[in-house]
Amino acid sequence: MTMTTHRHNAPWWQTAVFYQIYPRSFQDSNGDGVGDLKGITSRLDYLSQFGVDALWISPFFKSPMRDFGYDISDYRAVDSLFGGMDDFRELLAAAHGRGIRVVIDLVVNHSSDEHPWFAEARSSRSNPKHDWYIWRPMNGPRRPNNWVSLFEQKSAWQPNPATGEWFLGTFTRNQPEFDWRNPELRKAIYDVARFWLDLGADGFRMDVATAYVKDDQFRSNPFKWNLSPDIFQEHIYDRNRPEVHGIFREFRAVAQSYPGDRVLIGETHGRDPALAASCHGSGDELHMAFNFEFLFSPWGARAFRERAERWYKFLPQGAWPNFTLSNHDQRRHYARYGKRDADARARVAAAMLLCLRGTPFLYYGEEIGMTCRRLGRAALRDPLGIATWPLSGYGRDPERTPMQWDDSPGAGFTSGTPWLPVNPDFPTRNVRAQMADPGSLWSWYAGLIRLRKAEPALALGSLTWLDAPPDVMAWTRELDGRSVSVYLNFGPRRRELAVRGGSALAAWSPTRGYGKGGPNRGDAVPASRRVLEGYGILIVGEGTR
């Protein structure tokens, strides 16, 4: 197994470019319309050519698929929909052979209600596994508190007549929640983690990690005015409890007992960067926690800079940042920002994501500008989308549509009927077409990834913000006497700004394209006042490597 080691001896996950795969939608190998592990393996050469260093693969464990894999009925088995354990071993070995790490999704806030653990737990109050889950006595029809099932928009408390109790499911009724205060449950979960680490997994993305612990008094959440699926609640009692930090430290000890810098990446529940930052502890909790502010930011240089600055400010000393613009739960950024000038904005966003200080996470199809379209009621599969249709648009199906590989029927994703409709623009917006076009969005992403690998300052360097006019976001990355300065115009108007001298590493604008009429790679860029066209991008390097 050959893995790239950076000369500054940083952990691999600090210099890596991550690529999230939603396995149902990446590549179908057997024609059943659903992506699978063999399909991912068949596309590893593509991922290697594109330049990613690590995969985060959303759940593929055995599941009744009531929440499409986030309801797990066997933590040590691959669901037959995605293949089998041999297929996972083959994928892992093939990825490692290409220098690509594999991080898997650990969903341990809850299990499926079809997990054998829950079957035992709900059978009797005296069952040894009963206290592995959260229960409250049933005294009439009134629920214990106002906690809600996020994806069903109803009470989170479900009846269990066999024991005369309510059980908790804050996502769906089919996802009963573990009692992380129970030491036997904790041991069982850590054993699950060891099972996958023993197989060679490079770490975990930890689903809703700050929801593991609930208020021990089961108090109702206070009212909060909002327009999200949170149903007008401030989730201070059913999520984000301080006790999770002890669990993170225990998880970290498990990860550190293995060689190879196994990584823990936590999903925090909410948009609070201070909460995400706290999950790093004092270097003894999560290696990275997702900060989701970019997923909800309006378009604009000022908005993104304020959010990046806030993230850097909150991080404890020694903690490492990360950034992402799209994922399986939120609308793709091409759709969010693509009402006008979509391709130009996507290029600016890519340069921001790949040149800021922090580990970038890309979402499959982001590199070709996959978008989201509203689906009809009959096409919906997501329980959240079904529960809220047609009023809210909170459903997650539009960002989970099949990968657009080529212009063949099924977009090269499947020879059968895809589980979700393929976006109708696939005949022109697909990987094969864009890889053949040096001016495409795919080529821009791939070029930026190559640049990031060639310039250590972009991976590990310090960051200093530069003064810039409205609509422009500018900064310099520095490492070992080498600096790389990035200038991004988020608006359609030309802006004049002071540019540090050096040589052009990358440049683009809607009118000139990549290296056409503007600075070509290697051209001298004098320190001067310079006009940056609307949506223009300029990256300049100075000093020796």
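The values are calculated or read from the model by the stated rules, or taken from the named source; none is laboratory data. Note that the structure is predicted; figures quoted are calculated from it, not measured. Note that we place each Cβ from the backbone using ideal geometry, even for glycine, and neighbour counts take in every protein chain shown.
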Would you pick out the residues in the stretch 186-204 that are of a type outside the set (Asp, Glu), more than 15 Å from residue 73 (Cα to Cα) and in contact (Cβ under 8 Å) with a residue 40 or more places away in the chain? 186, 190, 193, 194, 195, 196, 197, 199, 200, 201, 203, 204
Would you mind stating whether residue 496 is surrounded by fewer than 21 Cβ atoms within 10 Å (Cβ to Cβ), part of a strand (DSSP E or B), of a type in the set (D, E, K, R) and without any contact (Cβ under 8 Å) to a residue 24 or more places away in the chain? no
Subset of the stretch 270-289, residues part of a loop (DSSP other than H, G, I, E, B), in contact (Cβ under 8 Å) with a residue 60 or more places away in the chain and crowded, with 22+ Cβ neighbours inside 10 Å, comes to 279, 286, 287
Would you confirm whether or not the stretch 217-240 contains a residue that is touching a residue at least 12 places away in the same chain (Cβ under 8 Å) and under 24 Å from residue 55 (Cα atoms)? no
Long-range neighbours under 7 Å by Cβ, at least six apart or interchain, first residue within 14 Å of residue 201 (Cα to Cα) within the stretch 250-262, second of a type in the set (Lys, Arg): 254/194; 255/262
Determine, yes or no, whether residue 212 is outside the structural domain of residue 87 (by TED's automatic domain parsing), buried (at least 18 other Cβ atoms within 10 Å of the Cβ) and out of contact with any Gly (no Cβ under 8 Å at 6 or more places or on another chain). no
Residue 252: outside any loop (DSSP other than H, G, I, E, B), out of contact with any helix residue (DSSP H, G or I) (no Cβ under 7 Å at 6 or more places or on another chain) and surrounded by fewer than 18 Cβ atoms within 10 Å (Cβ to Cβ), yes or no? no
Consider the stretch 434-453. How many of its residues are closer than 15 Å to residue 366 by Cα and either of a type outside the set (Ser, Thr, Tyr) or at pLDDT below 95 (or both)? 9
Quick one: how many residues across the stretch 447-476 are out of contact with any strand residue (DSSP E or B) (no Cβ under 8 Å at 6 or more places or on another chain) and surrounded by fewer than 19 Cβ atoms within 10 Å (Cβ to Cβ)? 3
Condition first: without any contact (Cβ under 8 Å) to a residue 60 or more places away in the chain and part of a strand (DSSP E or B). Can you find one or more residues in the stretch 450-470 that meet it? yes
Only one of these conditions is not met by residue 457: (1) touching a Lys or Arg at 6+ places or on another chain (Cβ under 8 Å); (2) within 26 Å of residue 70 (Cα to Cα); (3) of a type in the set (A, V, I, L, M). Which number is it? (2)
Elements of type helices (runs of 4 or more DSSP H) contained in the stretch 1-92, each with 2 or more residues being crowded, with 19+ Cβ neighbours inside 10 Å and out of contact with any strand residue (DSSP E or B) (no Cβ under 8 Å at 6 or more places or on another chain): 37-42
In the stretch 147-169, the residues that are part of a loop (DSSP other than H, G, I, E, B) and at pLDDT below 95: 150, 151, 152, 153
Checking residue 439 against (1) closer than 20 Å to residue 28 by Cβ; (2) more than 21 Å from the chain's Cα centre (by Cα), which test does it fail? (1)
Could you tell me whether the stretch 259-276 includes any residue that is in contact with a Lys or Arg (Cβ under 6 Å, 6 or more places away or on another chain) and closer than 26 Å to residue 143 by Cα? yes
Those residues of the stretch 37-52 that are touching a helix residue (DSSP H, G or I) at 6+ places or on another chain (Cβ under 7 Å) and either closer than 22 Å to residue 84 by Cα or free of Cβ contacts under 8 Å to residues at least 60 places away in the same chain (or both) come to a total of 5
Residues 422, 499: which one is β-branched (Val, Ile, Thr) and under 25 Å from the mean Cα position of the chain (by Cα)? 422
Across the stretch 335-346, which residue is nearest to residue 295 (Cα to Cα) among those that are assigned to a helix (DSSP H, G or I) and over 19 Å from the mean Cα position of the chain (by Cα)? 345
Residues 381, 357, 400: which one is at pLDDT below 95, of a type in the set (D, E, K, R) and within 22 Å of the chain's Cα centre (by Cα)? 381
Over the stretch 93-127, the set of residues free of Cβ contacts under 8 Å to residues at least 24 places away in the same chain and assigned to a loop (DSSP other than H, G, I, E, B) is 126, 127
Tally time: how many residues in the stretch 366-405 are in a helix (DSSP H, G or I) and within 28 Å of residue 17 (Cα to Cα)? 7
In the stretch 374-432, what residues are surrounded by fewer than 18 Cβ atoms within 10 Å (Cβ to Cβ) and at positive phi? 393
